[in-house]
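Since the structure comes first, as structure tokens, the remarks are kept for the end.
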Amino acid sequence: MRKSKRLQIKIKYIKNSNNYIVKPVKRIEQGDLVDLYAAEDVDMKKGEFKLIPLGVAMELPKGYEAHIVPRSSTFKKYHIIQTNSTGIIDQSYCGDEDQWMFPAYALEDTHIDFNDRICQFRIVENQPDFYFEQVETLGNKARGGFGSTGRWINMKQKRYSEIMDTKQN
């Protein structure tokens, strides 16, 4: 459920070495995210890492952070991946020269043009205050292991049944 109050985010556009600024950022028409653009032409060789400047610095509202992620077409179109999977910008990264960056790793030789949409971000409320309570048991049934979504338990049960059937025959 969305809050009705609109948040104000101060944004500064940072000129690149050619004295240009990126297109104004705006919310995606069909979604929650905001597109970000490459602030300069970028050439990358396969296996190369670069921090791609996005041409913006922002002051996020108190209690919020930004999560930067690749656009769904970035991998296919530019053959790059984001090296930290999700970039987190907290509210303290708000200085005039605190330019947002996209950490990219090239899987193939590639070229990205100035103003190409390469990533997007969303504003997220900070995690609520919490504490940890150490216990001996959580009191819940095991789901089946990390990445299993329950398949491991079913596979173990199936394998156990197969072994038991073999022993009985």
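Filtering region 80-93 to residues that are open to solvent by 60 Å² or more (accessible area, probe 1.4 Å) and part of a loop (DSSP other than H, G, I, E, B) leaves THR83, ASN84, SER85, ASP90, GLN91, SER92, TYR93. ARG71 - would you say it is open to solvent by 70 Å² or more (accessible area, probe 1.4 Å) and under 19 Å from the mean Cα position of the chain (by Cα)? For ARG71, the condition - open to solvent by 70 Å² or more (accessible area, probe 1.4 Å) and under 19 Å from the mean Cα position of the chain (by Cα) - is not met.
Selection of region 22-38 for residues being part of a loop (DSSP other than H, G, I, E, B), more than 15 Å from ASP113 (Cβ to Cβ) and open to solvent by 70 Å² or more (accessible area, probe 1.4 Å) yields PRO24, LYS26, GLU29, GLN30.
Here is a yes/no grid of residues against (1) assigned to a loop (DSSP other than H, G, I, E, B); (2) in contact (Cβ under 8 Å) with a residue 12 or more places away in the chain; (3) open to solvent by less than 10 Å² (accessible area, probe 1.4 Å):
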| position | (1), (2), (3) |
| --- | --- |
| GLU40 | yes, yes, no |
| GLY47 | yes, yes, no |
| PRO61 | yes, yes, no |
| GLY95 | yes, yes, no |
| PHE102 | no, yes, yes |
| TYR105 | no, yes, no |
| ARG122 | no, yes, no |
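Looking across region 19-38, the residues that are of a type outside the set (A, V, I, L, M, F, W, C) and in contact (Cβ under 8 Å) with a residue 24 or more places away in the chain come down to TYR20, LYS23, ASP32, ASP35, TYR37. Scanning region 109-147 for residues that are over 21 Å from the mean Cα position of the chain (by Cα) and of a type in the set (D, E, K, R) returns ASP109, ASP113, ASP129, GLU133, GLU136, LYS141, ARG143. In the set ILE88, ILE81, only one residue is of a type outside the set (Ser, Thr, Tyr), in contact (Cβ under 8 Å) with a residue 12 or more places away in the chain and in contact with a helix residue (DSSP H, G or I) (Cβ under 7 Å, 6 or more places away or on another chain); that residue is ILE81. Total residues in region 1-21 satisfying the condition of being more than 23 Å from PRO103 (Cβ to Cβ) and part of a loop (DSSP other than H, G, I, E, B): the figure is 9.
The values are calculated or read from the model by the stated rules, or taken from the named source; none is laboratory data. Small disclaimer: the values here were computed from a predicted structure and weren't measured. Note: ideal-geometry Cβ built from the backbone for every residue, glycine included; neighbour counts use all protein chains shown. Note: areas computed on protein heavy atoms with side chains; ligands, DNA, RNA excluded. Shrake-Rupley method; radii C 1.70, N 1.55, O 1.52, S 1.80 Å.
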